[in-house]
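The values are calculated or read from the model by the stated rules, or taken from the named source; none is laboratory data. Given the structure is predicted, the values throughout are model-derived calculations rather than measurements. Don't worry about glycine lacking a Cβ; one is built from the backbone with ideal geometry, like all the others, and counts go over all protein chains shown. SASA here: full protein model, heavy atoms, side chains in, ligands and nucleic acids out. Shrake-Rupley method; radii C 1.70, N 1.55, O 1.52, S 1.80 Å.
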Amino acid sequence: MTQMRGKDSLPNGILMIKSQLTSLKPAKRRVADYILDNINEVIHLSITKMAENAGVSEATVVKFCQHIGYSGYQELKIILAQAGKKEHGEYIYGEIEANDNINIIIEKIFHIYSKSLSNTKELLQNTNVKTSIEMILKARRLYFFGFGASGIVAEDADLKFKRINYISEALTDNHRQKTIGALLTREDVVIAISDSGRTKELIESLKIVKNAMAKVIAITSNLGSPITKLADITSSQETPFRGSALASRMAQLAVIDVLFLGVATAEYDKTLEALNKTRLVMRESKL
């Protein structure tokens, strides 16, 4: 996995911690849990006091900060100070309950979508997105791997890229992924879509893809998940609410649209010609 960022585009520290929780070893997980439970306090603590409160060494605190993408504790504190106040309102709407009326459901759903897209925007690292777009532009063939709701996103992505004359295919069956994956080359690109990043069948398929030397772009909300270890590039999406498959799908679609439009604008004349051709053909299907 490649992760690069500039000083002027630091992602939200709280989101970075949450996106890697499941990958942390016990000592680093204690640091993460303490920070998430005491955001306003942490920004005023020295590294010595922080380590003492979390029950770890100062070295562990520093390693934790570096693990999630920062140079050290001081840089993380600066980002937390900027983001903490906003993040406290994140769960105000909570989960949809059985006794919610339709107006409350509407409010909660659109709040979930809004937060998911806002968080995804903060986590998307410009350099990674640009590198992903360059990788797609050079690809001989594109394949979109996903299961369940992520499979629906894969099919949407496939249709988008087909419309601008890319050789692409959505593969949502494990056997087909493995069969085609074994025949790929270093000129091919697989875009793997998984909110958890831990789907066993997808990981099995990606190991075959990597063995074939094809490139992999991962779209996931879990930056420390197994799928990111198999990816050349990771484009992050964030789901802020526990168990919200709806938010996950919206965030994934947004990342796909960013990649699609990045490719489309890079080849503007070619894209416009292809879109006009497909638009004319589809017009005949309308009354």
Selected residue [at pLDDT below 95, open to solvent by less than 60 Å² (accessible area, probe 1.4 Å) and within 30 Å of residue 32 (Cβ to Cβ)] from 233, 193 = 233
Evaluation of residue 186 against (1) open to solvent by less than 30 Å² (accessible area, probe 1.4 Å); (2) assigned to a loop (DSSP other than H, G, I, E, B) (one fails), failing number | (1)
Out of region 69-80, which residues are more than 16 Å from residue 39 (Cα to Cα) and in contact (Cβ under 8 Å) with a residue 12 or more places away in the chain?
-> 69, 70
Hits in region 236-271 - residues which are modelled with pLDDT of 95 or more and of a type in the set (Phe, Trp, Tyr) = 260
In region 105-142, what residues are open to solvent by 40 Å² or more (accessible area, probe 1.4 Å), farther than 24 Å from residue 185 by Cβ and among the hydrophobic types (A, V, I, L, M, F, W, C)?
-> 105, 106, 110, 117
Looking only at region 153-165, and only at residues there that are in contact with a strand residue (DSSP E or B) (Cβ under 9 Å, 6 or more places away or on another chain) and open to solvent by 30 Å² or more (accessible area, probe 1.4 Å), the one that is farthest from residue 199 (Cα to Cα) = 162
Report, ordered by the first and then the second residue, all pairs with beta carbons closer than 7 Å, sequence separation of six or more or different chains, a first member in region 262-287 that is under 16 Å from residue 160 (Cβ atoms), and a second member that is open to solvent by less than 100 Å² (accessible area, probe 1.4 Å) and not in a helix (DSSP H, G or I).
-> 264/164; 271/164; 274/164; 275/164
